[in-house]
1. Counting only Cα atoms, I'd like the Rg/Rh figure for the stretch A:30-77, Kirkwood definition for Rh.
2. As a footprinting exposure proxy, order B:59, A:65 by other Cβ within 10 Å, with the fewest listed first.
3. Rounded to the nearest 0.05, what FRET efficiency do residue B:21 and residue B:67 have when you use their Cβ-Cβ distance and R0 = 45 Å?
4. Quickly work out the residue B:48-to-residue A:42 label distance, labels modelled 7 Å from Cα along the C-beta direction, and quote it in nm with one decimal.
5. Which FRET efficiency, nearest 0.05, do residue A:100 and residue B:116 yield, Cβ-Cβ r, R0 41 Å?
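Since every read-out is calculated from the coordinates, none of them should be taken as a lab result. The shown structure was predicted, so the numbers you read here are calculated from the model rather than taken from an experiment. Don't worry about glycine lacking a Cβ; one is built from the backbone with ideal geometry, like all the others, and counts go over all protein chains shown.
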């Protein structure tokens, strides 16, 4: 798990890479943004499971490529799903329906920290 | 007289034995998801569960009419109706009681062992939460990632347990009354 601080609007980011879609069943500690499971679903779809804390909004992003840049390599991220803040803890299961990508990377952004 | 005493003791013992298994039901519907917002939820379901010691047996059940395909199903807690909580136990993969991939289906029976410390909750507190209706079953779908149908798990009094206990108590009472009359 990689934890990155990135800008003011996005305080905590967790990145999970999926190569071959190996799944691990590990529930997160409370308060730490964490993708619990990444698993294949139906035909070439992917499920991303994560817990959500009260009063925090979550966005799941997907990266399909890394491009060379002056800083070395830059990843291009796109939003899959946004989960608005709720007044209680919960669990969310997001679906990535992009069926054409053999390798995908996912990250979970949390606002506020 | 001794025979009656033995019979009463046996009936009460049998009642206590039956009472060590508690029955539960979870009636899943969209109304219990209302506090999560978002229109368009459809479907319903029902699951029966039995608790013996720390083993929660998923007896049978079914769900149908969902607007999206099932992605996951869990037992969440602790939370009262109208509030949510984190996942405690999986009912879908890898547990396998509820299969992902359909809008309706049967719930496969099997045993789920409650583990001390799950969700940071002691086993004693888990049992207390379960029997006091603070756990719920949630079925997540492709259209509702936070859950499309939900059912609070509620304790069902066993009619046979109550009947056996009543019979045992009745025999004991009758025996006492006759003894008093004889005196």
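1. 1.09
2. With the sparsest Cβ surroundings first, the list reads A:65, B:59.
3. Step by step, r from the Cβ atoms, then E = 0.80.
4. 3.2
5. About 0.35, to the nearest 0.05.
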